[in-house]
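To start, the structure itself, in structure tokens.
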Amino acid sequence: MKSLNTLIKLAQRRLDELRRRLADLEVQRDKLLALIKRLDDELASELEQAYQRPEMSTFFGDFSRRIRKRKEEITREIAALATQMEKVREDIMEGFSELKKYEVARDHAKARERQEQERKETKLLDEIAQQQFIRKTE
């Protein structure tokens, strides 16, 4: 039983680590998505300035290409994070399944122990009743 409790604790710890890892990846993804939003806002702002001041429009093309390239890089990073997140989710499902197996095994062991204890108590009570019966009949 001790070994099952140890395995359960280890499985829970591993599951907690995986969940923290997934949360970290989600935070990274959210930061990258926020960065894309800021780049879009910056691009819109620069486009507005280029319309308002034609002399700045010559710089807008290069700026626009840099922004687009950076957004593509960020999108690739997000795709890589999504792949990592999917792998971690699979690991979490496997870890959860493993944890449940250990918990079920522990519950079965407890039930067997309870049944054995009840059997011993019944046997003891039967012996006591038998001895009382023998004393009465003597």
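Values in this text are rule-based calculations from the coordinates and carry no lab data. This one's a predicted model, so the numbers in the text were calculated from it and none came from an experiment. Quick reminder, even Gly has a Cβ in these numbers, built from the backbone with ideal geometry, and neighbours come from all protein chains shown.
What's the Cα-based Rg to Rh of segment 60-138, Rh via Kirkwood? We get a ratio of 1.76 for segment 60-138. The calculated FRET efficiency for the pair GLN117 and MET93, based on their C-beta separation and a Förster distance of 30 Å, comes to about 0.25. Assuming R0 = 35 Å, what is the FRET efficiency of LYS101 and GLU127, from their Cβ-Cβ distance, to the nearest 0.05? The pair LYS101/GLU127 has a calculated efficiency of 0.35. Using Cα-only point scatterers and the Debye equation, what is log10 of I(q)/I(0) for the chain at each q in 0.09 Å⁻¹, rounded to two decimals? Computed log10 I(q)/I(0) values: -0.59. The calculated FRET efficiency for the pair HIS108 and ARG19, based on their C-beta separation and a Förster distance of 41 Å, comes to about 0.95.
Lysine pairs in the chain whose alpha-carbon atoms fall under 26 angstrom of each other, counting only those eight or more residues apart or on distinct chains, come to 22. Can you tell me, using C-alpha contacts under 8 Å and at least 6 residues apart, the relative contact order of segment 2-137 as a whole percent? Across segment 2-137, relative contact order equals 44 percent.
Count Lys and Arg as plus one, Asp and Glu as minus one, and take only other residues whose Cβ is under 12 Å from that of LYS31; the net charge is then -1. Model label points for SER45 and SER57, set 7 angstrom from Cα along the Cα-to-Cβ axis, are 2.2 nm apart.
Largest GNM mean-square fluctuation across ILE78, ILE67, ILE128, computed for the chain with C-alpha springs under 10 Å, falls on ILE128.
Lys and Arg at +1, Asp and Glu at -1: add these up for the other residues within a Cβ distance under 13 Å of GLU116 and post the number.
Charge balance near GLU116 sits at +3.
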